[in-house]
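A short reminder: the numbers here are calculations on the coordinates, not readings from a lab. Small disclaimer: the values here were computed from a predicted structure and weren't measured. We place every Cβ from the backbone using ideal geometry, glycine too, and count neighbours over all the protein chains shown.
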């Protein structure tokens with residue numbers, strides 16, 4: 001809305017950007033003669049430029065099917081240049097400057113990738129799966145060109161789906177290690193995140209939380225059906241609330257996965273949410289519910305990974321935790337692993353790695369974090385039968 005400086009009452013408000021149910025307005029950058037609107041539509045951020053003097057609009061053009069774009073630091077109001085950040089599954093983190101009048105872009109800086117990286121060797125896609133209630137769930141994909149998409153390639157599916165946090169299709173040089181060995185990497189933009197707007201989050205929390213898990217399973221099944229994934233070498237990864245996702249889908253469909261990686265997983269939902277001495281507990285009643293209320297208790301109990309472990313042939317599972325984790329205390333994943341091993345009826349390994357120096361964010365330091373990534377990748381390559 002806009003209004004005169006001396007007439008701020010609601011009766012003087014004038015609509016500038018109308019509400020649209022399918023669009024999430026994320027940011028606005030104002031200049032003397034321009035306004036740049038950051039809005040998320042169909043799961044992707046669009047940067048829309050409006051020129052005040054003419055009333056014309058244009059969008060900054062992006063050519064990747066899945067990407068991340070965001071306004072940068074634009075402190076000068078009297079300017080016709082807009083600085084923004086951009087990355088995609090094949091494009092390293094970049095800073096660009098957009099000429100708001102000429103509609104041209106200039107690359108100012110791009111993350112250096114050590115080695116012989118060439119973006120043209122990789123391809124990305126964006127496809128849609130259909131959830132069991134008919135909701136269309138976006139999936140972002142990346143793979144090295146030449147990788148077979150005939151149902152014979154291993155695939156790693158990542159997901160989160162909580163707190164309205166969107167799983168963005170960003171670049172990471174570490175992922176190249178998997179892609180160069182024939183893996184397809186996919187991100188499931190499931191409900192519980194905010195990729196498709198506020199309603200996408202609302203339909204993945206509280207009484208709708210089960211949608212998060214069934215969406216992820218629907219994405220996995222779609223990737224198999226479309227032959228992006230070898231059904232015998234389908235892997236999944238998630239951390240924290242994404243670790244809850246891993247535990248839930250392991251119980252719901254243990255037959256679907258070859259292996260799972262669960263980092264600092266929130267898996268003992270009911271017990272933890274009943275303990276109000278833990279700093280984060282009461283603040284998260286809005287996300288999961290208050291288990292002192294019977295409906296919320298029953299709902300949490302229906303999906304809590306620890307409470308739903310059963311006699312089953314579970315996939316290979318690597319669980320990591322940090323001894324100093326204040327958000328998901330180390331005993332949660334430890335007791336989950338113990339219970340999994342008790343009820344496991346197959347031969348696949350169920351492993352627990354505890355970093356005695358780390359907290360919820362994993363190891364600190366520039367290179368220690370890479371060692372944790374290497375551990376996860378070694379587990380995936382081992383289970384995929386890739387030795388080189």
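Listed values, structure above:
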item	result
Peptides 315-325, 171-181, 272-282 ordered by average Cβ neighbours within 10 Å, highest first	315-325, 171-181, 272-282
For the stretch 10-110: span of alpha carbons on each principal axis (Å, largest first)	48, 32, 21
DSSP-defined beta bridges in the chain - what % are antiparallel, rounded to 5	65
Read-out mean projected area of the Cα convex hull in nm², derived from the coordinates shown; its label in (1) 17.4; (2) 19.0; (3) 22.5	(3)
Cα centroid separation, the stretch 98-121 to the stretch 228-281 (Å)	36
Ellipticity estimate at 222 nm from DSSP helix runs (n ≥ 4, -39,500 (n - 2.57)) divided over the chain, nearest 500	-6500 deg cm²/dmol
Label point distance in nm, residue 53-residue 386, each placed 7 Å from Cα along Cα→Cβ	5.4
Efficiency of FRET from Cβ geometry, residue 297 and residue 27, R₀ 35 Å, rounded to 0.05	0.35
Peptides ranked, highest mean first, by Cβ atoms within 10 Å: ranges 200-211, 239-250, 159-170	239-250, 159-170, 200-211
Length-normalised contact order of the chain in % [C-alpha pairs under 8 Å, at least 6 apart]	10
Translational diffusion coefficient (Stokes-Einstein; Kirkwood radius from C-alpha pairs) of the stretch 57-132 at 37 °C, 0.692 mPa s, in µm²/s	227
Simple spin-label estimate for residue 117 and residue 148 in nanometres, 7 Å along Cα-Cβ	2.9
Peptides ranked, highest mean first, by Cβ atoms within 10 Å: ranges 109-116, 221-228	221-228, 109-116
Length added when fully stretched, residue 338-residue 7, from 0.36 nm per residue minus Cα-Cα	112.7 nm
Diffusion coefficient, µm² s⁻¹, Stokes-Einstein with Kirkwood Rh over alpha-carbon pairs of the stretch 56-213 at 4 °C and 1.567 mPa s	74
Distance between modelled label sites at residue 360 and residue 74, nm, 7 Å Cα→Cβ extension	3.3
